[in-house]
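> Take a look at this one; I'll ask things after.
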Amino acid sequence: MYEAADAEAEVLWSQEGHAWVGTLCREGDLCLDQPGRRRDAFEVELLLRATDWQVEMWHVARGAFAREHIEAADLAEARVKAATLLCDFKNKVAEACDSE
């Protein structure tokens, strides 16, 4: 399992309108702003709602999608929690693929 700080370090974040979008990038993967590395298809979107944060995760290649709501004091805490959820989501998708 991942520590929260490790998970956050593996997600490349960008702001798109009112949302933050993160792409899971690990050592050996290639991300958009790292030449020679490939982009991982696991992504997360983080949106601030009235009383909590909405987290949506997806993996296009497998058609996997999940949505959760989290409480966080600020954007930094929300990004760490979202990154951890994304890593857990990737593990669940991988386990489901292995059992097929």
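The values are calculated or read from the model by the stated rules, or taken from the named source; none is laboratory data. All figures in this text were calculated on a predicted structure; none of them were measured in a lab. Positions of Cβ are backbone-derived with ideal geometry, glycine not excepted, and every protein chain shown enters the neighbour counts.
> Could you please find all residues in region 52-95 being without any contact (Cβ under 8 Å) to a residue 12 or more places away in the chain and closer than 20 Å to HIS18 by Cα?
Passing the criteria: ALA73, ASP74, ALA76, GLU77.
> The conditions are (1) surrounded by 14 or more Cβ atoms within 10 Å (Cβ to Cβ); (2) modelled with pLDDT under 55, and GLU3 fails exactly one of them. Which is it?
Going through the list (1) surrounded by 14 or more Cβ atoms within 10 Å (Cβ to Cβ); (2) modelled with pLDDT under 55, GLU3 breaks only (1).
> Being exposed (fewer than 13 other Cβ atoms within 10 Å of the Cβ) and assigned to a strand (DSSP E or B) is the filter here; which residues of region 48-100 pass it?
Within region 48-100, PHE65, ARG67, HIS69 meet the criteria.
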